[in-house]
1. Would you kindly calculate the mean projected area, averaged across all directions, of the convex hull enclosing the Cα atoms of the range 139-248, in square nanometres?
2. Local charge sum around residue 210 (other residues, Cβ-Cβ under 15 Å, Lys/Arg +1, Asp/Glu -1)?
3. Can you grab the distance from the C-alpha centre of the range 127-165 to the C-alpha centre of the range 1-44, Å, no decimals?
4. All other residues with a Cβ under 14 Å from the Cβ of residue 39 taken together, and with Lys, Arg as +1 and Asp, Glu as -1, what is their net charge?
5. Before anything else, pin down the relative contact order of the range 181-263: Cα pairs under 8 Å, at least 6 apart, normalised by residue count, whole percent.
6. Quick one: which residues, 5 or more positions from residue 148 or on another chain, have an amide H under 5 Å from its amide H? H modelled 1.01 Å from N in the peptide plane, none for Pro or chain starts.
7. Do you know the relative contact order of the chain, to the nearest whole percent, from alpha carbon pairs under 8 angstrom that are 6+ apart?
8. For each of 185, 153, 178, count neighbouring Cβ atoms within 10 Å of the residue's Cβ, then give the residues from fewest to most.
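Bear in mind these aren't lab numbers, they're just calculated from the coordinates by the rules spelled out. All figures in this text were calculated on a predicted structure; none of them were measured in a lab. We place every Cβ from the backbone using ideal geometry, glycine too, and count neighbours over all the protein chains shown.
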Amino acid sequence: MKVITLLNEKGGVGKTTLATHIAAGLAVDGYKVILIDADPQANATLGLAVAPAPGLYDLMVRDADWNSVLVMVSSEVYEIPDRPAEGMLACLPSNIETRNIVNSIQDATSVRSRLQEVCDTVDYIVIDTSPTPSLLHGSIFLATDYILYPTEMEYYSLNGLMNSIAHMEQFRATKQSMNLGDIQMLGIVPMKYRSSTVGHSESLKELREQYGQAVWPPVHMRIAWSDATLARRMVWSSEPTGGAAKEALKLVERAKAGLNVEA
């Protein structure tokens, strides 16, 4: 089992969009995937057409059984037309109670311990996080194998990216000192990119100069992404022939390459 966390200490940069599509794409390809919504706003939960619920809170605080908190996601939400989903996608939903987890867990390895309970039955866990740093983030870091950073080509988002990477390095050292393995950067994904904007082009150039091959091809701003969110579908389900769908599928392939997933 591999754990992938989406992170940027700036809201509205596309974390949820990226989290849901990576999780869904892996499920389409035959893998057993759980998407954990660790954001009290519950956008990933809603994006998978699941009702907000205290699933993560119940798991972490009330010591609930996994089977009682997981919600199976309908394949209609994420399957590709003429390509039935071969795997499984489940959601561990969130709601406003998620914000209270940090006041109730004592052990920094609590998230890791609960995730280990499903390591023999799940291939991938994808975690969508809140933009506000908290002790819950620290516990998630200690359970994480890979971090994927979505970012806009705007100052505040890029600043959030830098802060997120700095915090990841701190927890990476902590995780290694506890003999819990490493945290790897899966990539940096420029989101809502507008190639006609000089500022976006210059920011992307600077990002590539600093991080090289870790920067993935940009995801262009398209109305199809908003339409898919409104329909509670993956973009390849709602508009399968459009440019956004093609970009989304390439994101999944890039993720699989970084995770060393066999084609």
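1. Average projection, Cα convex hull of the range 139-248: 8.1 nm².
2. So the environment of residue 210 carries a net charge of -2.
3. That distance is 12 Å.
4. -1
5. In percent, rounded to a whole number, it is 25.
6. Placed amide hydrogens put 5, 6, 7, 186 under 5 Å from residue 148.
7. Computed value for the chain: 26 percent relative contact order.
8. The order, fewest Cβ neighbours first, is 178, 185, 153.
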